[in-house]
Structures are given as structure tokens and as C-alpha cells.
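Here is the structure we will look at.
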Amino acid sequence: MRLCLSLLLALVAVAPPPSLTADQVARRVQDRETGRDSRADLRMKLFDRRDRVRERALTLLTLRGREAPGAPKTAPDGDRLLIRFTYPNDIRGTAFLVWKHPKGEDERFLFLPSLGRVRRIAGSEAHESFVGSDFSYEDIGGRELEDFTYALLDENAAWMSTDGASHPAYRLESRRKDRSAEFPRVVSLVLKDTFVVVHADVYNRRDEKQKVYAVKRLDQAQGIWTVMESSMANDLDKTRTELLVEKIEYNLGLKEDAFSRRALESAGK
């Protein structure tokens, strides 16, 4: 009896973890630990096709919605995001606000100091360039999980970090249910241990690989895995945008009123 029990325990100890479905991987990406809220200072570099560079500085505030794991019941119905540009002068004061709604269409607002008013970004504009960068409004503000169908192309893929180390990853394909979308297909590398997306090939309606997202540095901040350096390159336009996190803090106790339309205009001023 002891021998049988020992053998059973040994088999349990070496049994591989259960495989995840494509939908489960996508859900883990959305629900991974990113803190209840955060504040970050970032540097953005925009490179044109001649490799000339322009720099911008911005701050980013985030707040998780009540459906996020561990979020309090007082949290908003969906995630909130507020970006404010602080440098250079030609974009200083420009601010972008996102209200995500799990059971409805997300709302996006842009404050332009030159106009002195808030402009709503329609859902049809979500794929357009975010203030002249290679990131879209949707890249910055996030997507809804239910807008896509998912397939695992490779359960044993790998991502090579800049230090030459190989990290096990899933290769996940995301297809939009709306096939008329500007970018209907994305193939991503998702790390198996942290569920961080570290690479993504973005395909246009002609199924050409048009944009490539790449993580250059991934570190822990307050115990939370955080993308510290990343880039989005447009292979057709021969441009790219790099994002560098200079400072980030999590779990500051931010409130929903910090993400109101009034806060958007105040951030812009």
C-alpha cells in the first residue's frame, strides 16, 4: 500500500500542468497583475523613415475596473486611463482619457489645448494614429477581449530577451469578429510565466504584416512585471515609435474622479 501511494505521489509530482486553451491564455493576459492603479512618467521617441527622431514626455495614470482580480467594489465598471503630454511645447497639455466598459462600447476623449475643448474619439477612429505615433488609440487604450476570437498557433514557442535568454511562450492568434477592421489579425508571443505580451505582428486587411510591437526590457516594479521599454514599428511606412518608462509607481490609492472629463481638461491645462 505504501509503495502504491509513493508511486501515485511521484506521478502527481512529475505530471505536466494542464494545457490552457487560447481563450484562457487571452483571459490571463487581460487579468494579469498590474496593480489596482499606477502612475508612470514616460519618454516617447518618434523615428521617421529617415531615422530622424523627435522626443516627447508624458505621464500615464491608470485605474483598474471592478471586474479586475482583487479590485474593490467601489472601482469603476471598467478600467480608466489618463495620459498627459508635458514636453515639448507644441504638444504640451494634450491629454487623452479612456473609459473602458466591459458591457458596452469604450469611450475615448482627446483634449487639444489649441482648440480648448474635448473631442470624443469615435470607435471607427480607434485604429488611427495616436498623436502622430505608430501606436493607435486602441494600442494605448486597450481592446475588449470579446471583440476577438483566439487560436493557439504554438504552445511551445519562445521569446529571446535582449540578454540572450530564451523564455517559454505561447504564440496566440487574435482575429477580430469584425473582419472589416483596419487590422483584423494579430499574432502575439505571450510569456507562459507572467502572461505579458512581449511581441506582436499586426496584419492589415490585405493580410500584410504592417506593424510590429516588441518589448525590449521587462522588469519587476514593486513585484509587478512591467514593460519598461517597447517599440511599435510600421513596416510599410518605415517608421517606428519607442516608449521608455522612466518611473512607475503602483497602488497609490487613485480615485475615479481623477479620470473624469474635468480631470482631462485640468490635465491639459
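Observations, loosely collected:
- Entry remark, the stretch 75-105: residues being of a type in the set (Ser, Thr, Tyr) and part of a loop (DSSP other than H, G, I, E, B) number 1 in total.
- Restricting attention to the stretch 53-74, the residues that are in a strand (DSSP E or B) and either buried (at least 16 other Cβ atoms within 10 Å of the Cβ) or modelled with pLDDT under 85 (or both) add up to 8.
- The residues listed here are Leu46, Leu97; of these, the one that is within 28 Å of Arg176 (Cβ to Cβ), more than 18 Å from the chain's Cα centre (by Cα) and either buried (at least 16 other Cβ atoms within 10 Å of the Cβ) or modelled with pLDDT of 95 or more (or both) is Leu46.
- Condition check for Leu115: out of contact with any strand residue (DSSP E or B) (no Cβ under 8 Å at 6 or more places or on another chain), closer than 26 Å to Val187 by Cβ, at pLDDT below 90 and not polar (S, T, N, Q): no
- For the stretch 141-159, taking the residues that are modelled with pLDDT of 90 or more and either of a type in the set (Gly, Ala, Ser) or within 28 Å of Asp48 (Cβ to Cβ) (or both), the one that is surrounded by the most Cβ atoms within 10 Å (Cβ to Cβ) is identified as Ala157.
- One residue alone among Arg119, Arg108 is under 24 Å from Asn234 (Cα atoms), basic (Lys, Arg) and in a strand (DSSP E or B), and that residue is Arg108.
- Counting only residues that are assigned to a strand (DSSP E or B) and not hydrophobic (A, V, I, L, M, F, W, C), the stretch 201-258 holds 23 of them.
- Exactly one residue out of Phe130, Phe109 is under 19 Å from the mean Cα position of the chain (by Cα), surrounded by 15 or more Cβ atoms within 10 Å (Cβ to Cβ), in contact (Cβ under 8 Å) with a residue 40 or more places away in the chain and under 22 Å from Ala258 (Cα atoms): that is Phe109.
- Filtered by the rule that a residue be over 29 Å from Arg52 (Cβ atoms) and either in contact (Cβ under 8 Å) with a residue 12 or more places away in the chain or out of contact with any strand residue (DSSP E or B) (no Cβ under 9 Å at 6 or more places or on another chain) (or both), the stretch 198-222 gives Arg205, Asp207, Ala221, Gln222.
- In the stretch 62-80, the residues that are farther than 20 Å from Phe109 by Cα and without any contact (Cβ under 8 Å) to a residue 24 or more places away in the chain form Cβ pairs under 9 Å with partners that are among the aliphatic types (A, V, I, L, M) and crowded, with 20+ Cβ neighbours inside 10 Å, at six or more places apart or across chains, as follows: Arg66/Ala75.
- Test: Val202 is within 20 Å of Leu244 (Cβ to Cβ), crowded, with 17+ Cβ neighbours inside 10 Å and at pLDDT 95 or above: no
- Residue within the stretch 76-83 that is surrounded by 15 or more Cβ atoms within 10 Å (Cβ to Cβ), closer than 24 Å to Val190 by Cα and touching a Ser or Thr at 6+ places or on another chain (Cβ under 6 Å) present: yes
- Only one of Tyr213, Tyr170 that is among the hydroxyl-bearing types (Ser, Thr, Tyr), farther than 30 Å from Asp41 by Cβ and at pLDDT 95 or above: Tyr170
The values are calculated or read from the model by the stated rules, or taken from the named source; none is laboratory data. Note that the structure is a prediction, hence the values are computed from the model and not measured. Positions of Cβ are generated from backbone atoms using ideal geometry, with glycine treated the same way; all protein chains shown enter the neighbour counts.
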